[in-house]
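The values are calculated or read from the model by the stated rules, or taken from the named source; none is laboratory data. These numbers were taken from a predicted model, which means no experiment stands behind them. So basically every Cβ, Gly included, is an ideal-geometry build from the backbone, and we count neighbours across all protein chains shown. Only protein heavy atoms, including side chains, enter the accessible area calculation; ligands, DNA and RNA are left aside. Shrake-Rupley method; radii C 1.70, N 1.55, O 1.52, S 1.80 Å.
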Amino acid sequence: MDVFLPWCRSQIDRCRLVVIEVYIPVLLKFIWNFRPPGVPAPSEGFDMAEEDDFNLADLSDEELIPQMHDDLYDGMADEIVESVNILLERGWTPYDILTKGLVGGMHIVGIDFRDGILFVPEVLLAANAMKAGMAILKPLLIETGAPRLGKLVIGTVKGDIHDIGKNLVAMMMEGAGFEVVDLGINNPVENYLDALARESADILGMSALLTTTMPYMKVVIDTLRDKGDRDQYIVLVGGAPLNEEFGRAIGADAYCRDAAVAVETAKEFMARKHNQM
């Protein structure tokens, strides 16, 4: 039962994501285009939300930042891109846009996800909107040498091809100000070790959705220990069949039940690492 219920929740989240990203847009388009016989087509350029439309460029900086938070919450990628470009044109630094606009907005998303107000599909849409803004900011942040909270290497373990939860953690961590190196799925121990050394990472994140693959996390941790490198990295693990007891048993620093917890846990460990607590 401990494994079955999380598996059911993961399948429900997958269904919700399909409904939100695929079926709802199709349904809305059908409703908008459907007209009984004899009813003329809408006038050219007519917008259902015309009365509510406003120009983001007309907002002051104090108004635009909360609007970015709202647009992130609603997963409105085009609006986020527009707001990021507006703030850059106004002379904002990429780091200030990241921390005050994107990270601030994703913090609200993370709180509501943690409290059960938002669910995985909604958070993925918000995270995708954040990524659209980050696509503009990332090269500028590198160029200006802006500070980062830390660097995370993350991937699903060998034998496991599930990645929704892992993707969500990666996007939420990036939205919180971490640099993220995503290894994808089905990763043997060599992939993790090579990436950790190559990227000079601070944190290793491993994900598994199957009871048959979750023991492989211990293989990775034991290999790090055998090489004398275990203490160099913060190791976070997560996935539907895992729990805190399993995380302690395999030698991980922490088990994270969801992406919001992963972000807060990573921040706490990095603060300790830099003696900021």
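Where the alpha-carbon atoms of region 63-118 are placed on the principal axes, they occupy 37, 20, 16 Å, in descending order. Using a probe radius of 1.4 angstrom, the carbon and sulfur fraction of the accessible surface of region 70-224 is 56%.
What does the accessible area per residue of region 182-269 come to in Å², with a 1.4 Å probe and no ligands, DNA or RNA counted?
On a per-residue basis, 45 Å².
Each 5 Å bin, from zero up to the one with the longest distance, holds this percent of the alpha carbon pairs of region 109-155: 5, 17, 16, 19, 22, 13, 6, 1. Along its principal axes, region 198-277 has C-alpha extents of 38, 31, 23 angstrom, given from the largest down.
Between Arg114 and Asn243, the modelled label-to-label distance comes to 2.3 nm, taking each label 7 Å out from Cα in the direction of the beta carbon.
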